[in-house]
Amino acid sequence: MEGKPMLLRALAATGVATSLFGSPAFAGSPLPPPPPPQDRIVIDSVTASGTGCPTGTAAVAVSPDGTAFTVTYSSYLAQIGPGVSPADAQKDCRLSLHVHAPGGFTYAVVSAGYSGFASLAPGASATQRASYHFQGDPRTTTSNHHFKGPFDNTWRTNDTVPVTSVVFAPCGEERSLDINTELQVAQGTSSPSATSFMEMDSTDGRISTVYRVALQRCR
């Protein structure tokens, strides 16, 4: 839409992928890859850590043109109930991204979508939280989504950052972008014998967390 930052849509994917730039051939002679367009970012690398994404359970797929990414989790579950460790009531995952912006541009996350499944006993509650932060910058954008039992269904949340609140990466500097997510389940007034849980999951057992970013020209 004219007059607003361009949204780059993350492509759905499974497994780990890397940015790929093809080397097209013409008349049998390979040509050098074309230069990146001036209206996109290129994601260089992503690392994940946290109780909700132990080593080997979180995968990042970068779109073929390097403009966006999708994160999938296979073990991201917060739960309470008989025989469940108190530490399992809260799980988190931190993604640290190294992103290259095209010359003269900077970028920011302006929206993100999350989905999963939750089963909450009457009186129990759950919270899905996310925050977005550039390394070395005290400004942080945070969102919270609350759910109350009884609840036994899939869930989906969407974070949209107002244009006036978007925090862009510093121009001319390469800093990691940290995306921190959290799931938390509370017993509340539910029965101590009841089990409640919240997970980031999809019908195939893993969730796709789709992030969108915006570009603006540096001044």
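The values are calculated or read from the model by the stated rules, or taken from the named source; none is laboratory data. Note that the coordinates shown come from a computational prediction; the quantities given were computed from them, not determined experimentally. FYI the Cβ positions are ideal-geometry reconstructions off the backbone, even for glycines, and counts take in every protein chain you see. What goes into the accessible areas is simple: the full protein's heavy atoms, side chains included, and nothing from ligands, DNA or RNA. Shrake-Rupley method; radii C 1.70, N 1.55, O 1.52, S 1.80 Å.
Would you pick out the residues in region 77-104 that are open to solvent by 60 Å² or more (accessible area, probe 1.4 Å) and at positive phi?
The answer is GLY83, and nothing else.
Of the residues that sit in region 189-215 and are at pLDDT 80 or above and among the polar types (S, T, N, Q), which one is most open to solvent (accessible area, probe 1.4 Å)?
Applying the filter and picking the extreme gives THR189.
What number of residues in region 117-131 are surrounded by 20 or more Cβ atoms within 10 Å (Cβ to Cβ) and part of a loop (DSSP other than H, G, I, E, B)?
Residues meeting the conditions: 2.
So which residues in region 132-144 are assigned to a loop (DSSP other than H, G, I, E, B) and open to solvent by less than 20 Å² (accessible area, probe 1.4 Å), if there are any at all?
ASP137 - this is the single residue of region 132-144 that is assigned to a loop (DSSP other than H, G, I, E, B) and open to solvent by less than 20 Å² (accessible area, probe 1.4 Å).
Evaluate the following for ASP152: is it among the acidic types (Asp, Glu), open to solvent by less than 20 Å² (accessible area, probe 1.4 Å) and at pLDDT 80 or above?
no
Would a scan of region 60-76 turn up a residue that is surrounded by fewer than 20 Cβ atoms within 10 Å (Cβ to Cβ), in contact (Cβ under 8 Å) with a residue 40 or more places away in the chain and in a strand (DSSP E or B)?
Scanning region 60-76 turns up no residue that is surrounded by fewer than 20 Cβ atoms within 10 Å (Cβ to Cβ), in contact (Cβ under 8 Å) with a residue 40 or more places away in the chain and in a strand (DSSP E or B).
Just checking, which of TYR114, TYR107 is touching a Ser or Thr at 6+ places or on another chain (Cβ under 7 Å) and either buried (at least 21 other Cβ atoms within 10 Å of the Cβ) or assigned to a helix (DSSP H, G or I) (or both)?
TYR114
State yes or no: is ASP159 under 13 Å from the mean Cα position of the chain (by Cα) and crowded, with 18+ Cβ neighbours inside 10 Å?
Criteria met by ASP159.
Please work out which residue is modelled with the lowest pLDDT, limiting yourself to region 79-104 and to residues that are among the aliphatic types (A, V, I, L, M) and outside any strand (DSSP E or B).
ALA101
Kindly indicate whether GLN184 is surrounded by fewer than 20 Cβ atoms within 10 Å (Cβ to Cβ) and assigned to a strand (DSSP E or B).
Criteria met by GLN184.
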